[in-house]
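See structure below.
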Amino acid sequence: MSQQDSGSSKQGMVEMIQAPGGLDALLIRSGDSEAEALRHGAHVTRFAPSGGREVLWLSGSSAWREDSPIRGGVPICFPWFGAKEGDEEAPGHGFARISQWQIESVEEEEGRVQVALSLEDSPETRKLWDHAFRARMQVVLAEHLEMHLSIENTGTAPMTYSQALHTYLAVSDVREIRILGLGGREYLDKLQGGKRMRQEAEAIRFEGETDRIYVHTEDDCLLEDPGWKRRIRVAKEGSRSTVIWNPWVDKSARMEDFGDDEWPGMVCIESANAADNAVTLGPGLEHTLSVGISVEEL
Ligand code: TA6
């Protein structure tokens with residue numbers, strides 16, 4: 001499947017390719033920018049702005065199977081973030097990222113390419129979460145990458161869910177970067193059993209395992225990476241939580257799909273609605289969580 005626009009100065013195209021493990025993937029090009037999205041989990045696995053280095057991080061040890069989440073890129077966490085309350089057997093971060101999504105549409109205009117994938121409730125999902133819903137993931141590539149996750153309540157009762165676009169970003173060395181945008185915010189420290197803390201310093205730096213759910217924040221985050229002389233902006237709308245995560249040495253060693261020596265090369269800035277910021281949606285209503293990822297010189 002490829003659409004080539006002849007007229008505009010910038011070419012936009014989409015091509016169906018095979019990702020590792022034979023998973024169906026869409027290679028999206030806009031000018032010299034590239035992105036990749038899979039039907040599996042509507043998972044965005046790659047984004048490289050024109051002439052720039054890859055922005056998303058992927059583990060070299062990731063599984064590429066329909067029964068497992070991919071380690072890296074942008075996993076979709078829905079309809080719960082983290083472990084499902086009261087059900088240890090349920091898949092972590094919900095079932096969306098291990099479900100096969102349908103390709104709904106591919107549009108291209110003036111080099112701006114938009115791909116939409118959708119997922120609806122099924123007998124399998126109802127066993128895990130007894131609600132009727134329709135999820136739509138729009139991936140838009142132009143100069144930068146946009147992702148819009150829309151959830152529609154197609155049932156007759158209100159539904160409450162938590163969610164995240166769990167973005168893994170590639171960095172030169174997590175020990176050298178800083179993240180701005182969360183100064184003064186309250187967070188739940190998962191390393192202290194969810195203890196409520198306050199982000200005192202304006203900049204977040206990394207000196208060990210870090211796993212924090214910042215709540216009641218709608219602000220952009222800026223990742224400054226002096227090693228690669230770049231600043232990555234993670235802008236968001238419809239999201240009131242931001243999760244910051246690096247597993248560091250011990251947790252990396254405990255994860256089979258995460259190389260023991262990979263932790264310095266990544267950090268997660270996850271645009272979410274989690275903890276205090278879970279979403280309650282009335283019947284027939286729709287909510288969209290949007291993320292924009294752009295790169296500028298540092
Ligand atoms: O993003 C934070 C987090 O909830 C961490 O606690 C860690 O578990 C991470 O998600 C990855 O979760 P996963 O289920 O993909 O291994």
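Bear in mind that the values in this text are calculations on the coordinates, not laboratory data. Everything numeric in this text was worked out from a predicted model, so none of it was measured. Quick reminder, even Gly has a Cβ in these numbers, built from the backbone with ideal geometry, and neighbours come from all protein chains shown.
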- request: Quickly work out the residue 175-to-residue 83 label distance, labels modelled 7 Å from Cα along the C-beta direction, and quote it in nm with one decimal.
  value: 3.1
- prompt: In sequence order, what are the phi-derived ³J(HN,Hα) couplings for region 138-144 according to the Karplus relation 6.51 cos²θ - 1.76 cosθ + 1.60 with θ = phi - 60°, rounded to whole Hz, with x for glycine and proline?
  reply: 9, 10, 10, 10, 9, 5, 10
- prompt: For region 211-296, which trypsin sites (Lys or Arg not before Pro) are in a loop by DSSP, counting at most 11 other Cβ atoms within 10 Å?
  reply: 229
query: Using modelled backbone amide H atoms (1.01 Å from N, in-plane), which distant-in-sequence or interchain residues come within less than 5 Å of residue 294's amide H?
result: 233, 235
field: Ranked 124, 54, 270, criterion: other C-beta atoms within 10 Å, fewest first
entry: 124, 54, 270
- line: Amide H proximity to residue 41 below 5 Å, modelled H, separation 5+ or other chain, gives 99, 100, 101
- request: Taking amide H positions as placed in the peptide plane 1.01 Å from N, state which residues far from residue 12 in sequence (5 or more) or on other chains have amide H under 5 Å from it.
  value: 5, 31, 111
Scattering curve values for the chain, log₁₀ I(q)/I(0), Debye with Cα scatterers, q = 0.08, 0.09, 0.14 Å⁻¹: -0.32, -0.41, -1.06
10 Å binning of all Cα-Cα separations within region 177-298, expressed as whole percents from 0 upward: 13, 40, 35, 11, 2
- prompt: Taking θ as phi - 60°, what are the ³J(HN,Hα) couplings along region 236-253 by the Karplus curve (6.51, -1.76, 1.60), each to the nearest whole Hz, with x for Gly and Pro?
  reply: 8, 9, x, 10, 10, 10, 10, 9, 10, 9, 9, x, 6, 5, 5, 5, 4, 5
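Counting only helical runs of four or more DSSP H residues, what would the 222 nm mean residue ellipticity of the chain come to if each run contributes -39,500 (n - 2.57) and the total is spread over all its residues? If you can, show how the numbers build up before the last one.
Details: 2 runs with 13 residues, N = 298.
The helix-only estimate for the chain comes to -1000 deg cm²/dmol at 222 nm.
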message: Whole-Hz ³J(HN,Hα) for each residue in region 268-275, computed from phi via Karplus 6.51 cos²θ - 1.76 cosθ + 1.60 with θ = phi - 60°, x for glycine and proline: what do you get?
response: 9, 10, 9, 8, 9, 9, 9, 6
- prompt: With all pairs of different alpha carbon atoms counted, what Kirkwood hydrodynamic radius in Å does region 85-156 show?
  reply: 13.9
- prompt: When we measure straight from the Cα of residue 229, which lysines land under 30 angstrom away, once same-chain ones fewer than 8 places off are left out?
  reply: 10, 251
query: Which percent of the Cα-Cα distances in region 1-150 go past 24 Å?
result: 33
query: With all pairs of different alpha carbon atoms counted, what Kirkwood hydrodynamic radius in Å does region 170-221 show?
result: 11.7
- line: Taking the convex hull of the alpha-carbon atoms of region 259-298 and averaging its shadow over every direction gives an area in square nanometres of 5.7
query: Roughly speaking, what is the centre-to-centre gap between region 126-158 and region 240-298 when only Cα atoms are used, to the nearest Å?
result: 17
